[in-house]
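Quick notes on the structure that follows.
Rule-based calculations on the coordinates, nothing more; no lab input. Remember, it's a predicted structure, so these values are computed and weren't measured experimentally. Here the Cβ positions follow ideal geometry from the backbone for every residue, glycine too, while neighbour counts run over all protein chains shown.
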Amino acid sequence: MSLVPMDDRDGWIWLDGQLTPWREAKVHVLTHALHYASAVFEGERMYGGEIFKLTEHTERLFKSAEILDFSIPYSVAEIDEACKAVCAANHLTDCYVRPIAWRGSEQMGVTAQQSKIHVSIAAWDWPSYFNPEEKARGIRLTWADWRRPAPDTAPTQSKAAGLYMICTLSKHAAERAGFNDAMMLDWRGYVAEATGANVFFVRDGEIHTPTPDCFLDGITRRSVMNLARAKGFDIVERHIKPEELSGFSECFITGTAAEVTPVRQIGEYSFKPGNISLSLMDDFAKMVRRELVSA
């Protein structure tokens, strides 16, 4: 299957307040964000013409920018409307939406307080993050060599571009080894998250998930937790040691791209997608399309 480059497509991208032809939405090579990772972004999905948790995503974008010491020159409502406008301009009702804000090219160097803050929003067709058949029977993860950093060494509560460098390295290594993804530990050695998704484990009908104290408390994560509680399941947020994985029967990951995806292997540990993982996967799919009361 041939790869369609992201910079050579038909359509429109919202750039700094106006819809711009897709191929003309460009930045200079000396853009600060390219050299120093001064960018924050969001990943969102539109289902049936409505972007799931849109304002919640936009508010997190603004919070991430604040953590990276810059202000987005628009309001939350304006970005919400721009996200909708991009989808409409590209005639999309089921798609992925990517807002991003970054420091521009006015200053080159570590300091960039006079740089202009730019914002763009793109939307495109992006089906399931994993092969649907493989997703149903559970994906396979290996252990990542890289660890999520401590909160006092990186802005871990922001969805910042620079924090994903080790995710790319880890996912590339996993795919080369024949796995779908990689599971990351935190700097202390506790289970943290996959390269772009939060993780949950099941034991005796109880759902356990790592405490998000050095990685994002995902919007999909919180929505799935609400779904699980509504079904009567207890959720335990705590630090989880890798060796504890032998005691869990099910495992699944959650995220905007991954949605709810069962896991059948993490390194030396095996799981079997069961009623809890599969029912939450089904309930989430119904909820985002308003076939189920939203979480």
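Points worth noting:
- Between VAL29 and ASP7, the contour length at 0.36 nm per residue exceeds the Cα-Cα span by 6.5 nm.
- Rh by Kirkwood over Cα pairs, then Stokes-Einstein D for the stretch 115-185 at 1.306 mPa s and 10 °C, µm²/s: 108
- Stokes-Einstein, applied to the Kirkwood radius of the stretch 1-142 over Cα pairs at a viscosity of 1.567 mPa s and 4 °C, places its translational diffusion at 79 µm² s⁻¹.
- Comparing ARG238, ARG176, ARG45 in a Gaussian network model of the chain where C-alpha atoms under 10 Å apart are linked, the largest mean-square fluctuation is found at ARG176.
- Relative to the longest principal axis of the Cα atoms of the chain, helix 54-67 runs at roughly 70 degrees.
- Per-residue [θ]222 nm for the chain (sum of -39500 (n - 2.57) over DSSP H runs n ≥ 4, rounded to 500): -8000 deg cm²/dmol
- Taking label positions 7 Å along the Cα-Cβ direction at both LYS272 and THR93, the computed distance is 4.1 nm, reported to one decimal.
- Restricting the stretch 195-295 to GluC sites (Glu not before Pro) that sit in a DSSP loop and have at most 12 other Cβ atoms within 10 Å of their own Cβ leaves GLU268, GLU291.
- Cα-centred dipole magnitude for the stretch 111-164, charges only on beta-carbon of K, R (+1) and D, E (-1), debye, nearest 20: 100
- One quarter of the convex hull surface built on the alpha carbon atoms of the stretch 47-97 amounts to 3.5 nm², the projected area averaged over directions.
- Rg/Rh for the chain (Cα atoms only, Rh after Kirkwood) is 0.96.
- Simple rule: put +1 on each Lys or Arg Cβ and -1 on each Asp or Glu Cβ in the stretch 155-295, find the dipole, and look at ILE235, LEU169, SER270; the Cα lying farthest toward the positive end is LEU169.
- Net charge of Cβ neighbours under 12 Å - reference SER246; Lys, Arg +1; Asp, Glu -1: -1
- Over the stretch 237-295, volume per residue of the alpha carbon convex hull, in Å³: 97
- Available extension along the chain between ALA136 and MET108 is 5.3 nm, counting 0.36 nm per residue and deducting the alpha carbon span.
- From the C-alpha gyration tensor of the stretch 168-269, square roots of 5λ in Å: 21, 15, 13
- Flagged links, alpha-carbon separation over 22 Å, of LYS135/LYS286; LYS63/LYS116; LYS53/LYS159; LYS135/LYS171; LYS171/LYS286: LYS171/LYS286
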